[in-house]
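First comes the structure, then the notes that go with it.
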Amino acid sequence: MSGALPVTIDHAVRIYGLLIARATGIGNDHALACMIASAWTGRGSLPAWLGLSPAAFHCLVGHHFPGATLPAPAFPGLAAPEPRPDELADLVRLMLIDKAGVSPSEVWMAHIVAAGCMASDHLWSDLGLWSRTDLTALMRRNFPALAARNVRDMRWKRFLYKQLCETEGVYTCRAPSCEVCVDYPGCFGPEA
């Protein structure tokens, strides 16, 4: 890469600022600006277009950041992980059942969060968010009834999959109670 400047956190902050300067002031502006800035600078694990179709991505940007012109991405997006369409569809359906019904971006967000679940790190990091609190706020704003069921601060990706298992009647915990399960520290509490 001769002559190319390395992508730094400053690039992400600049893209975030460019988007927020055009933000409509509705829910999800901050979270989406973080995700787009991260994806455009090679952070997070979302595939191209945040896992949306290009048309849906451009609708999302027009809805939240009208008039914003994004620079060419330094990274075109990660290659999509091994296709798991049934899993993606189940996750989207789980979230949409409990969507707030306030904004069209809830549907986009369900697809983005499901795409983030296909990666292997903490969900907030895979989404390109800048903190777990951003993810918690996103879940509460977009899927309030679903988020309300996470009463013990279970990590979001584990929580979503646990919800899927429970809707299918599959209970995989090895202990009759989470509090005595050896995996408790891995499922609950703050994320690193």
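Which members of region 100-130 meet the condition of being open to solvent by less than 10 Å² (accessible area, probe 1.4 Å) and of a type in the set (Asp, Glu)? Result: Glu106, Asp126. Look at Val113 and say whether it is at pLDDT below 95 and hydrophobic (A, V, I, L, M, F, W, C). Here the answer is no, as Val113 does not meet what is asked. In region 54-81, the residue that is surrounded by the fewest Cβ atoms within 10 Å (Cβ to Cβ) out of those that are under 13 Å from Ala115 (Cβ atoms) and modelled with pLDDT under 95 is Ala79. Would you confirm whether or not region 96-105 contains a residue that is in contact with a Phe, Trp or Tyr (Cβ under 9 Å, 6 or more places away or on another chain), among the small types (Gly, Ala, Ser) and part of a helix (DSSP H, G or I)? Checked against the condition, which is being in contact with a Phe, Trp or Tyr (Cβ under 9 Å, 6 or more places away or on another chain), among the small types (Gly, Ala, Ser) and part of a helix (DSSP H, G or I), region 96-105 yields no hits at all. Does any residue of region 138-147 turn out to be in contact with a helix residue (DSSP H, G or I) (Cβ under 8 Å, 6 or more places away or on another chain), closer than 20 Å to Trp49 by Cα, in contact (Cβ under 8 Å) with a residue 60 or more places away in the chain and part of a helix (DSSP H, G or I)? The answer is yes, given that some residue of region 138-147 is in contact with a helix residue (DSSP H, G or I) (Cβ under 8 Å, 6 or more places away or on another chain), closer than 20 Å to Trp49 by Cα, in contact (Cβ under 8 Å) with a residue 60 or more places away in the chain and part of a helix (DSSP H, G or I). When the residues of region 1-25 are filtered to those that are among the hydrophobic types (A, V, I, L, M, F, W, C) and open to solvent by 70 Å² or more (accessible area, probe 1.4 Å), the one that is modelled with the lowest pLDDT is Met1. For Leu88, are the conditions met, namely being in contact (Cβ under 8 Å) with a residue 24 or more places away in the chain, over 20 Å from Ile36 (Cβ atoms), open to solvent by less than 30 Å² (accessible area, probe 1.4 Å) and in a helix (DSSP H, G or I)? No, not satisfied. Residues that are in a loop (DSSP other than H, G, I, E, B) and of a type in the set (Lys, Arg) were ranked within region 148-179; the one that is modelled with the lowest pLDDT is Arg174.
The values are calculated or read from the model by the stated rules, or taken from the named source; none is laboratory data. Remember, it's a predicted structure, so these values are computed and weren't measured experimentally. Here the Cβ is made from the backbone with ideal geometry for all residues, glycine too, and neighbour counts use every protein chain on show. Calculation scope for accessible area: heavy atoms of the full protein, side chains included, ligands and nucleic acids excluded. Shrake-Rupley method; radii C 1.70, N 1.55, O 1.52, S 1.80 Å.
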